[in-house]
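See structure below.
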Ligand SMILES: [Zn+2]
C-alpha cells in the first residue's frame with residue numbers, strides 16, 4: 001500500500017515526506033530520472049558487462065536511477081514495464097521491471113537458458129524509440145535465471161507478455177535492439193499509423209527455484 005506523500009516546504013530544498021504510520025514519517029529520496037538513450041546512440045549496440053556480488057552495492061545508485069527513470073516514463077507514456085541498464089548509459093547486465101501494482105524487480109546477470117519451441121509474433125515497442133513499433137518473432141516461453149541483490153540465484157518460467165518483455169530486455173544487454181530483429185521490410189510502423197497496441201497484460205511469471 002503506498003504511503004500518503006506531502007511536500008515539506010520548511011526544508012531547504014523542500015523535501016517529499018511519506019506518512020509511514022500515524023505520527024511517523026520518512027523523507028522520500030529525490031527521484032533521479034536519467035535521460036533514456038535513443039536509437040542511434042552507439043553504446044546501445046554494445047555488450048554489457050556481467051556483475052560480481054561486490055559490484056551490486058557499488059551500483060545501488062544506478063539501480064535506483066533505473067527504477068526512477070522507468071517510473072517516470074510509465075507516468076508520462078502509460079506503458080513501459082521494464083528497462084535495461086544500458087538504456088540510461090549503465091553498461092552492466094541489470095534489468096528493472098515493474099508490472100502494474102506488483103513489487104518492482106531487479107534482475108542481475110539475467111540469462112535466458114531455455115526456450116519453448118513455439119514462436120510467436122507481435123509488435124514490440126521500446127523506450128529507446130517510443131514512436132516506433134517493430135514486428136518481431138520469438139519463442140513464446142522461456143526460462144530466466146538471474147541473481148537478486150543478495151546474490152541468491154532464481155529461476156523463473158516466463159510465458160506470454162513476460163516472456164516477450166524479458167527477452168527484449170536481455171537482448172538490450174547484448175547490444176541487440178528490436179529494430180535488428182524486424183521480420184521483414186513491412187515490420188516497422190510509426191506508432192500513430194498503426195492500430196493501437198493492445199495494452200492488456202497476459203502471461204505467467206512462475207517461480208521455479
Ligand atoms: Zn527496449
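Quick note: the coordinates plus some simple rules give every number you see, no bench work behind them. It should be emphasised that the depicted structure is a prediction, and the values quoted were computed from it without experimental measurement. Positions of Cβ are backbone-derived with ideal geometry, glycine not excepted, and every protein chain shown enters the neighbour counts.
If R0 equals 35 Å, the separation of the Cβ atoms of residue 19 and residue 79 corresponds to a calculated FRET efficiency of about 0.70. With each label modelled as a point 7 angstrom along the Cα→C-beta vector, the residue 201-residue 62 pair spans 2.7 nm. Computed on region 31-207, the Cα convex hull volume stands at 116 Å³ per residue.
Is it possible to state the helix-based mean residue ellipticity at 222 nm for the chain, with each DSSP H run of 4+ residues giving -39500 (n - 2.57), the sum divided by total residues, to the nearest 500 deg cm²/dmol? What is it? My calculation for the chain gives -5500 deg cm²/dmol from helical runs alone.
Please report the relative contact order for the chain, taking Cα pairs under 8 Å with a sequence separation of at least 6, and give it as a percent rounded to a whole number. Relative contact order, the chain: 18 percent.
Within region 31-207, DSSP assigns beta bridges of which about 95% are antiparallel (rounded to the nearest 5).
Maximal additional length on extending the residue 33-residue 99 stretch stands at 21.9 nm, based on 0.36 nm per residue less the C-alpha distance. Have a look at 27, 183, 83 and tell me which one the Gaussian network model of the chain (Cα, springs below 10 Å) gives the largest fluctuation. Per the Cα network of the chain with a 10 Å cutoff, 27 tops the list. Relative to the longest principal axis of the Cα atoms of the chain, helix 60-77 runs at roughly 70 degrees. Highest GNM mean-square fluctuation among 19, 166, 132, for the chain modelled with Cα contacts below 10 Å: 19. Across region 99-205, C-alpha contacts under 8 Å between residues 6 or more apart give a mean separation that, scaled by the residue count, equals a relative contact order of 29 percent. Region 157-188 and region 67-131 have Cα centres lying 10 Å from one another. Label positions at residue 52 and residue 154, each projected 7 Å from the Cα along the C-beta direction, are separated by 2.5 nm. Using alpha carbons only, how many degrees (0 to 90, rounded to 10) separate the axis of helix 160-173 from the longest principal axis of the chain? Orientation of helix 160-173: about 80 degrees from the principal axis.
Along the Cα-to-C-beta direction of residue 208, a point sits 7 Å from the Cα; which residues of region 103-146 have their amide N less than 16 Å from that point? From region 103-146, the list is 110-118, 139-146.
Compared with the alpha-carbon gap, the fully stretched path from residue 43 to residue 176 is longer by 46.8 nm at 0.36 nm per residue. Highest mobility in the GNM of the chain, judged by mean-square fluctuation with C-alpha springs under 10 Å and restricted to 110, 86, 35, is found for 35.
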